1. With all protein chains present, calculate the accessible area of C123 using a 1.4 Å probe and round the result to the nearest 10 Å².
2. Please work out the Cα convex hull volume for region 1-127 and give it in Å³ per residue.
3. Taking 0.36 nm per residue of separation and subtracting the Cα-Cα distance, what length does fully extending E204 through E82 add?
4. Treating each Cα of region 147-210 as an identical point scatterer and ignoring solvent, apply the Debye formula and state log10 I(q)/I(0) at q = 0.13 Å⁻¹.
5. When the chain is treated as a GNM, springs tying every alpha-carbon pair under 10 Å, which of E138, E183, E74 comes out with the largest mean-square fluctuation?
6. Output the direction-averaged projected area (hull surface divided by four) of the convex hull of the alpha-carbon atoms of region 56-117, in nm².
7. In nm, to one decimal, how far is the D106 label point from the V141 one, both placed 7 Å along Cα→Cβ?
8. Can you compute the charge dipole magnitude of the chain about its Cα centre, using +1 on each Lys and Arg Cβ and -1 on each Asp and Glu Cβ, nothing else charged? Give it in debye, rounded to the nearest 20.
Amino acid sequence: MTKRQPSQPMPVAVLLSGTGRTLDNLLARIESDRLPIRIARVISSHAGVRGLQIAADAGIDHRVVAPGDYRSVEQYSRAVFESCREVAARLVVMAGFIRFVRIPSDFDGRVVNIHPSLIPAFCGKGYYGSRVHRAVLEYGVKLTGCTVHFVDNQYDHGPIIMQQAVPVLDGDTAERLAARVFEAECQLYPAAIAAIAANRVHIEDRWVRIDPVPNAAPEETS
Ligand code: GAR
């Protein structure tokens, strides 16, 4: 990615399909000057969802690109990424987007997603939202969490940028677990996007290297 001045927030397109809590969280971070991005457009795969209302209320350009209007995944993907190009998006942020899209070569390494488990566990086709947490509880793992990753042309497969573990507690329900994982998502996703915006994230095959924050105070040792 080319170097940007800190005064020019990185233009981003957000893809969503539903309630838009992830979008809401990103907007709160931008508002409090903790995330140097500008959401140039919100694209929803579904009409009438709350995510679109959040975009409208924030005065953000928003539109529906519905899979049903296209004959194939390829055609749908072309429409989605053409819409991202129209606003010169440097990064495409999937925020609860549940449709499969093929990534065109000019967006290779420029599309990110957050998934509510520790990939490669409980991920892939059909694993989204509360289904993930139900599967975690059914399996009986003690640790789950969330993963921010680059998106490639396989479900939940691209190089992993950051992960945050969340313990599974005795007596957890899918709803309680989902709420704690979502709290972790609200920290992790903005942190990963901010690192990308600052050009600190480098993809080396499957490994993602993140430069330390410049001038960060050294960690204290006791
Ligand atoms: C989030 O928990 C996100 O991790 C998950 O959907 C939720 C979106 O909530 N994404 C996936 O499961 C992707 N496989 P939102 O629509 O309210 O932002």
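1. 30
2. Taking the convex hull of the Cα positions in region 1-127, it is 123 Å³ per residue.
3. Length gained, E204 through E82: 41.2 nm.
4. The computed values of log10 I(q)/I(0) come out as -0.44.
5. For the chain, modelled as a Gaussian network with Cα springs under 10 Å, the answer is E138.
6. Taking a quarter of the hull surface, the average projection is 5.2 nm².
7. That separation, rounded to one decimal, is 3.7 nm.
8. 420
The values are calculated or read from the model by the stated rules, or taken from the named source; none is laboratory data. Fair warning: this is a prediction, and the values are worked out from it, not measured in the lab. Methodologically, a virtual Cβ is constructed for each residue, glycine included, from the backbone with ideal geometry; neighbour enumeration extends over all protein chains shown. What goes into the accessible areas is simple: the full protein's heavy atoms, side chains included, and nothing from ligands, DNA or RNA. Shrake-Rupley method; radii C 1.70, N 1.55, O 1.52, S 1.80 Å.
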